[in-house]
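So the structure is just underneath, and the comments pick up after that.
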Amino acid sequence: MNAVLLAVIVMLGLALLRTHVVISLLLGALIGGLSGGLSLSRTLEAFNNGITGGAAVALSYALLGAFALAIAKSGLPHAMADLAVKRLERDSGQSRLKWALILLLALVSIASQNLVPIHIAFIPLLVPPLLYVMARLHLDRRLVACVITFGLVTPYMVFPVGFGDIFLKQILLGNIAKSGMDVRGLNVMHAMAIPALGMLAGLLWAVLVSYRKPRQYALGKIENAERTRAKVSRKSLATALLAITLAFAVQLYTDSMIMGALAGFLLFLATGVVKWKDADGLFNEGMKMMAMIGFTMITAQGFAEVLKATGQVGALVTASAGLFAGNQGVAAFAMLLVGLVVTLGIGSSFSTVPILTAIYVPLCMHLGFSPLATVAIIGTAGALGDAGSPASDSTLGPTSGLNVDGQHDHIRDTVLPTFLHYNLPVLAAGWIAAMVL
C-alpha cells in the first residue's frame with residue numbers, strides 16, 4: 001500500500017478509536033515513514049525538521065490564549081453572555097435567540113478569516129461564556145461546530161482578502177504559475193465559487209436537517225467549568241475593545257499574530273485591567289488553554305514532513321493517473337480524492353497545495369483542463385479535508401471552545417460531523433467546477 005495512504009489511514013483509525021490526536025499523528029508518521037522506505041533515523045529526522053516549522057504557530061496560539069484570557073478577565077465575553085441570558089428569560093419562544101446566536105457565530109467566524117484576520121483566537125473567549133445559553137436553548141453543539149468550521153474554511157476558499165489572499169493568491173495561483181501555467185488575469189473567485197457553494201450546501205443541511213433537534217447538556221457541568229467572573233466596569237470594557245482593536249491593527253501592520261496578541265496583552269497590563277502580579281498566572285493559564293492546539297499543530301507539521309520525505313505523494317497521484325485513460329471526469333475525481341486524503345493527514349490546506357501543484361498542473365495541461373478548471377481542481381483538492389481532519393485548526397478550534405466542560409468530544413462531535421457535512425458536498429462541487437469551467 002502507498003505509504004502516504006497507509007499513514008493517513010492509521011492516523012484516522014487511531015483517532016476514531018479515541019487515541020489522542022498527537023499520539024495518532026506520531027504513530028501514523030512512524031508507520032508511514034518506515035513503510036515508505038525510510039529508516040527509523042531518517043523518519044525521525046524528517047519529523048524533527050517538520051516540527052521546527054510549527055514552532056511559530058504554537059507560539060502564536062499560546063499568546064492568543066493569554067490574550068483571550070485577558071479579554072475574559074475584562075468581563076466583556078460574560079457581559080455579552082449576560083445580555084443573551086436576559087433576552088432568553090424575556091423571550092418565551094426562544095427561537096429568535098437561537099437563530100440569532102447561530103448567525104452571530106457564523107458572522108464572527110467568517111470575519112475572523114478576512115475582515116479581521118485573527119483566525120481561531122475568538123473561539124476561547126466568545127464560545128465558553130455562551131455555553132450556558134446554548135444549553136438552555138438545547139442547541140446541539142455539533143451544529144455549532146459545523147457553523148464555526150464553515151466560517152473558518154469557506155472565506156479563504158473564495159474571498160482573496162486576509163487569509164484568503166494568502167491561500168488563493170500567494171499559495172494557489174503562485175504555485176500554479178511556478179509550475180508552468182499562465183494564470184494572469186484569471187478570476188480566482190470565479191474558479192472557487194462552485195466549491196464554496198458545496199460548503200454552503202453542507203452548512204444548510206447541518207442547520208436545517210441533521211442537528212435541528214434539541215440536545216440536552218448538563219447545566220451543572222457548565223457552571224463548574226466557568227472561571228471566576230471578573231468585575232465588569234466601563235474602564236475594563238473600554239480597555240477590552242481598545243485592546244482588540246490594537247491587536248487587529250498590529251497584526252495587520254506586522255502580518256504577525258504573535259505581535260498582535262502581545263500588543264493587546266501589554267495594553268491590558270498598562271491600563272491595570274490585568275494586574276502585574278497576576279500577569280504570570282494569567283499568561284500560564286492562557287498557554288495551557290491553547291497548548292493542545294499548539295502541540296497538535298507542531299506534530300502535524302512533523303507528520304507532513306515525513307509524508308513529503310517518503311516521496312510517495314507523487315506515486316499516489318501517478319497510480320491514480322493510471323485509471324484516467326484520458327477521461328477528464330475520472331481524472332478530476334481522482335485528483336480531488338487524493339487531495340482529500342493528503343489534507344486529512346496534514347491538517348492544513350495551506351500545506352497541501354504546494355505538495356500537489358507540481359504534480360497536478362502538468363497532468364491538467366496534458367488532459368486539456370482550462371486554467372480556470374485547473375485552479376478549481378487544485379484549490380478544491382487543497383481545501384478538502386481541512387474540515388474533518390483531526391489535526392486541523394478548523395476542527396481543533398471549535399472543540400477548544402465547546403469542550404471546556406467535557407461535554408463535547410473532538411472526534412465524534414466535531415471531526416465526524418464536519419467531515420460528513422463538508423467534504424462530501426465540496427468533493428461533488430469541485431468535480432462539477434472541473435467539468436464546467
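The values are calculated or read from the model by the stated rules, or taken from the named source; none is laboratory data. This one's a predicted model, so the numbers in the text were calculated from it and none came from an experiment. Here the Cβ positions follow ideal geometry from the backbone for every residue, glycine too, while neighbour counts run over all protein chains shown. Calculation scope for accessible area: heavy atoms of the full protein, side chains included, ligands and nucleic acids excluded. Shrake-Rupley method; radii C 1.70, N 1.55, O 1.52, S 1.80 Å.
General observations
- The residues of the stretch 428-437 that are in a helix (DSSP H, G or I) and open to solvent by 20 Å² or more (accessible area, probe 1.4 Å), listed by number, are ALA428, TRP431, ILE432, MET435, VAL436.
- Taken as a whole, the condition of being modelled with pLDDT of 75 or more, buried (at least 18 other Cβ atoms within 10 Å of the Cβ), over 14 Å from LEU5 (Cα atoms) and under 25 Å from the mean Cα position of the chain (by Cα) applies to VAL375.
- Scanning the stretch 145-186 for residues that are among the polar types (S, T, N, Q), over 14 Å from ASP386 (Cα atoms) and touching a residue at least 60 places away in the same chain (Cβ under 8 Å) gives ASN175, SER179.
- Residues satisfying the stated conditions in the stretch 141-196, i.e. crowded, with 24+ Cβ neighbours inside 10 Å and either touching a strand residue (DSSP E or B) at 6+ places or on another chain (Cβ under 7 Å) or of a type in the set (S, T, N, Q) (or both): THR149, THR154
- When the residues of the stretch 384-427 are filtered to those that are among the β-branched types (Val, Ile, Thr) and more than 30 Å from ASN327 (Cα to Cα), the one that is most open to solvent (accessible area, probe 1.4 Å) is VAL404.
- Residues (under 18 Å from the mean Cα position of the chain (by Cα), of a type in the set (A, V, I, L, M, F, W, C) and at pLDDT 85 or above) located in the stretch 156-191: MET157, VAL158, PHE159, LEU168, LEU172
- Flag: VAL250 does not match the condition of being at pLDDT 80 or above and closer than 23 Å to THR399 by Cα.
Here is a yes/no grid of residues against (1) in a loop (DSSP other than H, G, I, E, B); (2) touching a residue at least 60 places away in the same chain (Cβ under 8 Å); (3) not acidic (Asp, Glu):
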| site | (1), (2), (3) |
| --- | --- |
| ALA331 | no, no, yes |
| PHE350 | no, yes, yes |
| GLY397 | no, yes, yes |
| GLN407 | yes, yes, yes |
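- Test result for PRO417, assigned to a helix (DSSP H, G or I), touching a residue at least 12 places away in the same chain (Cβ under 8 Å) and of a type outside the set (A, V, I, L, M, F, W, C): yes
- Number of the condition not met by THR245 [criteria: (1) open to solvent by less than 40 Å² (accessible area, probe 1.4 Å); (2) in a helix (DSSP H, G or I)]: (1)
- Subset of the stretch 222-242 (residues that are at pLDDT 75 or above and either of a type in the set (Gly, Ala, Ser) or open to solvent by 40 Å² or more (accessible area, probe 1.4 Å) (or both)): ARG234, LYS235, SER236, LEU237, ALA238, ALA240, LEU241, LEU242
Conditions tested, residue by residue: (1) within 26 Å of LEU282 (Cβ to Cβ); (2) modelled with pLDDT under 75.
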| residue | (1), (2) |
| --- | --- |
| LEU25 | no, no |
| ASN49 | no, no |
| ALA55 | yes, yes |
| TYR61 | yes, yes |
| ALA66 | yes, no |
| HIS78 | yes, yes |
| GLN94 | no, yes |
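- Any pair with Cβ under 6 angstrom, 6 or more apart, that starts in the stretch 233-252 at a residue that is without any contact (Cβ under 8 Å) to a residue 40 or more places away in the chain and ends at one that is open to solvent by less than 50 Å² (accessible area, probe 1.4 Å): LEU246/ALA263; LEU246/GLY264; LEU246/LEU267; VAL250/GLY260; VAL250/ALA263
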